[in-house]
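Here's the structure, in structure tokens; my notes come after.
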Amino acid sequence: MKNLYFILALLLAGCLLVSCKKPPEAPQTPNTGTTTKTTTGGGDTTTGLPIVPINPGMLVGTWQVINDTSTVVPWGLWQGHPVTTSNYVGTPADYYKFTAGGDAYTSLKGVIDTANYMVSQDSVHVVYTFFNGQHVTGGIYNSFWQVTNLTAHTATLTWLFVSPETATTSVTYLRK
């Protein structure tokens, strides 16, 4: 029960910090095309660092999946179950592909998903059109990937999903 209260308090505190504090706008400077560094969590609320927008052009291309590490923390209805961690090592057939026109394609473990994406600051908002190989409509499958590293040859995407049973974090490491 302590874990449930802790997680709920953490989520509430995060919501209050994000909703009450407007991060300062990062100055617009010419892009040198070398590296885009981002802060974690949509701007670091503990240090007050501003969000560093990524350059969407650097995301465009086909990225090979190096590995995907996922951690599932049970809480709420599943409190007391063990925390599970898995590390999927990518194969040559696994990829993320982003086009300049806002289309995204992922292939993991032989399942190809398609989506539309939009870059906003240091996040990639994804609206799936095919999810787990099934056609979906109405934008019911959405995802927000936090870009925590982006260079010309490497990218790191972090994803968090909270349900009544679990909190799942996934970190995907990519390379061109």
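Here, each number is a calculation from the coordinates, and none is a lab measurement. Computed from a prediction, not measured in an experiment: that's the story for all the values here. Every residue, glycine among them, receives a Cβ derived from its backbone with ideal geometry; neighbour counts consider all protein chains shown.
May I ask for the net charge around residue 99, where only other residues with Cβ less than 15 Å from the Cβ of residue 99 are counted and Lys, Arg are +1 while Asp, Glu are -1?
In short, 0.
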Check your understanding: Looking at the square roots a ≥ b ≥ c of the eigenvalues of the Cα gyration tensor of the stretch 86-149, which shape do they give, rounded for a/c under 1.5, prolate if a/b is larger than b/c, or oblate?
Key -> oblate
Point to revise | Hz values of 3J(HN,Hα) by residue in the stretch 125-131 - Karplus curve (6.51, -1.76, 1.60), Gly and Pro given as x | key: 8, 10, 10, 6, 9, 10, 10
Review point. Among 156, 137, 84, what is the fewest-to-most ranking by other Cβ atoms within 10 Å?
Key: 137, 84, 156
Revision key, fill the gap. Fewest to most Cβ atoms within 10 Å: 157, 77 sort as 77, 157
Review point. Placing +1 at every Lys and Arg Cβ and -1 at every Asp and Glu Cβ, with all other atoms neutral, what dipole size does the stretch 49-169 have around its Cα centre, in debye to the nearest 20?
Key: 60 debye
Check your understanding: How high is the relative contact order of the stretch 35-175, given as a whole-number percent (alpha carbon pairs under 8 Å, six or more residues apart)?
Key -> 27 percent
Point to revise | Extension reserve of the residue 165-residue 85 stretch, reckoned as 0.36 nm per residue once the Cα distance is removed | key: 27.2 nm
Review point. For 58, 118, what's the fewest-to-most ordering of other Cβ within 10 Å of each Cβ?
Key: 118, 58
